[in-house]
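First up is the structure itself, then whatever we jot down about it.
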Amino acid sequence: MYIDLELAKKHLNVESEFTDDDSYIEMLIEVSEESIAKNLCVTREGLATIDGGTEIPAPLKQAILLTIGGYYANREEMTAVQMRPLEQGVKHLISLYRKYQ
């Protein structure tokens, strides 16, 4: 995993002492990393070498964190609140690394 539990909890404003959601947050980390990887047509392991690098780029880490936050805050399929994505959100961050052919 590129995002560890400690960083995810910090991003979610979850106190480190609160452990009731730890396994759920770890699952969200996996889901979010896989989602970003699939969106870029690479494996999760391939995220580290994207763009010829040796570690995952910071914008992709941020995209993973934003995805985790979205899933953690919205645990149901539907919401009664009208929401819209951040302009510089996940789609934008992923697009920085997308290879268009």
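Every number here is computed from the coordinates shown, using simple stated rules; none is lab data. On a predicted model such as this, the values are computed, not experimentally measured, just so you know. Here the Cβ is made from the backbone with ideal geometry for all residues, glycine too, and neighbour counts use every protein chain on show.
Working from Cα positions, state the angle (0 to 90°, nearest 10) between the long axis of helix 58-73 and the longest principal axis of the chain.
30 degrees
Could you calculate the contour length gain from E6 to R84, that is, 0.36 nm times the residue separation minus the distance between their Cα atoms, to one decimal place in nm?
Contour length minus the Cα-Cα distance gives 25.3 nm.
Can I get the semi-axes of the chain's equivalent ellipsoid? Compute them from the C-alpha gyration tensor as square roots of 5 times the eigenvalues, in angstrom, largest first.
Working: eigenvalues 111, 62, 25 Å².
Gyration-tensor ellipsoid for the chain: 24, 18, 11 Å.
Could you work out the longest stretch of the chain that avoids the trypsin sites (Lys or Arg not before Pro) located in DSSP loops with at most 14 other Cβ atoms within 10 Å?
Longest gap between qualifying sites, sites excluded: 1-74.
Based on DSSP H runs of at least 4 residues, each adding -39500 (n - 2.57), what is the mean residue ellipticity at 222 nm of the chain after dividing by all its residues, to the nearest 500 deg cm²/dmol?
-14500 deg cm²/dmol
At R0 = 41 Å, how high is the FRET efficiency between D21 and R98 if r is their beta carbon distance? Nearest 0.05 is fine.
The computed FRET efficiency comes out at 0.80.
Within the chain, what is the number of lysine pairs with alpha carbons under 15 Å apart, leaving out pairs fewer than eight places apart on the same chain?
On the way: K9/K61; K10/K61; K38/K61; K38/K91; K38/K99; K61/K91; K91/K99.
So the count works out to 7.
What's the angle, to the nearest 10 degrees (0 to 90), between helix 22-39's Cα axis and the longest principal axis of the chain?
On a 0 to 90 degree scale, this one is about 30.
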